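Enquirer: Just dropping this structure here.
The values are calculated or read from the model by the stated rules, or taken from the named source; none is laboratory data. Here the structure is a predicted model, which means the values were calculated and not measured. Here Cβ is always computed from backbone atoms with ideal geometry, including for glycine, and neighbour counts include all displayed protein chains.
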C-alpha cells in the first residue's frame, strides 16, 4: 500500500504521516527514511526536533538524502516506511555539488527508486510539499525544480492507494483506492 501525504510548510503533514504509521499493525519494522541534507546549525536543530518527535514511536531512522536505493537494501521485507520528504529528495538529487541534474533524469531516477522502495515495504508513506501556489516568479533552475517535483507528485498521486492533503493540521482525502499506472 502506498500513501501520499501532501501539504504546505508547517501544515502538520509530518505529524499526520507519523500518526498513520502508528496505526499500521503486522509490519516487521517501521522505518523513518529522512532525506533532509544538513548544511548548517539550523538544519541540525530541525533534524533533532523531528527525532525528538519520533522518540518512543518505534521508528528505525535511516538518513539518506540521496540515492534511496542504498536505503532499500537496509529495509526488512514486510516493513512500513515513512519517506520524509520528497521535496528534499528532489532538491538533493537535482542540485548537486557537481552541477544541476536535468529534471527528466531526476524524475526517472526517483520514480525508479520509489518502485524499489514500494517493493521492499508492505506499506509506504511518502510526505511531500505543496510548493506550487505562491505565485512568486523564480529563476529558471528553481522553476525546473518546481516542475520536476510537480511531475513526481502527480505520478505518486496516481499510483497511491490513498492520498491526503494536510491543511492546518487536518487531513483532507484526495484519493482512496483508485490506482492509475504512471510508471512508478
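Enquirer: Exactly one condition in (1) more than 26 Å from residue 29 (Cα to Cα); (2) touching a strand residue (DSSP E or B) at 6+ places or on another chain (Cβ under 9 Å); (3) buried (at least 17 other Cβ atoms within 10 Å of the Cβ) is not met by residue 80; state its number.
Expert: (1)
Enquirer: I've got another one for you. Let me spell it out: the conditions are (1) at pLDDT below 95; (2) touching a helix residue (DSSP H, G or I) at 6+ places or on another chain (Cβ under 7 Å), and residue 24 meets all of them except one. Which number is the exception?
Expert: Among (1) at pLDDT below 95; (2) touching a helix residue (DSSP H, G or I) at 6+ places or on another chain (Cβ under 7 Å), residue 24 violates only (2).
Enquirer: Continuing with the same structure: Based on what the data block shows, is residue 174 assigned to a strand (DSSP E or B), at pLDDT below 95 and under 26 Å from residue 30 (Cβ atoms)?
Expert: The answer is yes for residue 174.
Enquirer: Tell me yes or no: at least one residue of region 51-62 is closer than 15 Å to residue 81 by Cβ, at pLDDT below 85, surrounded by 15 or more Cβ atoms within 10 Å (Cβ to Cβ) and touching a strand residue (DSSP E or B) at 6+ places or on another chain (Cβ under 9 Å).
Expert: Yes: one or more hits.
Enquirer: Pick out, from region 1-84, the helices (runs of 4 or more DSSP H) lying fully within it that include 1 or more residues that are under 28 Å from residue 180 (Cα atoms).
Expert: Filter on region 1-84 gives 13-23, 68-72.
Enquirer: Also, I was wondering about something else. Quick one: which of 72, 27, 2 is surrounded by 12 or more Cβ atoms within 10 Å (Cβ to Cβ), closer than 20 Å to residue 117 by Cβ and out of contact with any strand residue (DSSP E or B) (no Cβ under 8 Å at 6 or more places or on another chain)?
Expert: Sole residue among the options that is surrounded by 12 or more Cβ atoms within 10 Å (Cβ to Cβ), closer than 20 Å to residue 117 by Cβ and out of contact with any strand residue (DSSP E or B) (no Cβ under 8 Å at 6 or more places or on another chain): 72.
Enquirer: Before we move on, is residue 118 more than 26 Å from residue 167 (Cβ to Cβ) and in contact with a strand residue (DSSP E or B) (Cβ under 6 Å, 6 or more places away or on another chain)?
Expert: yes
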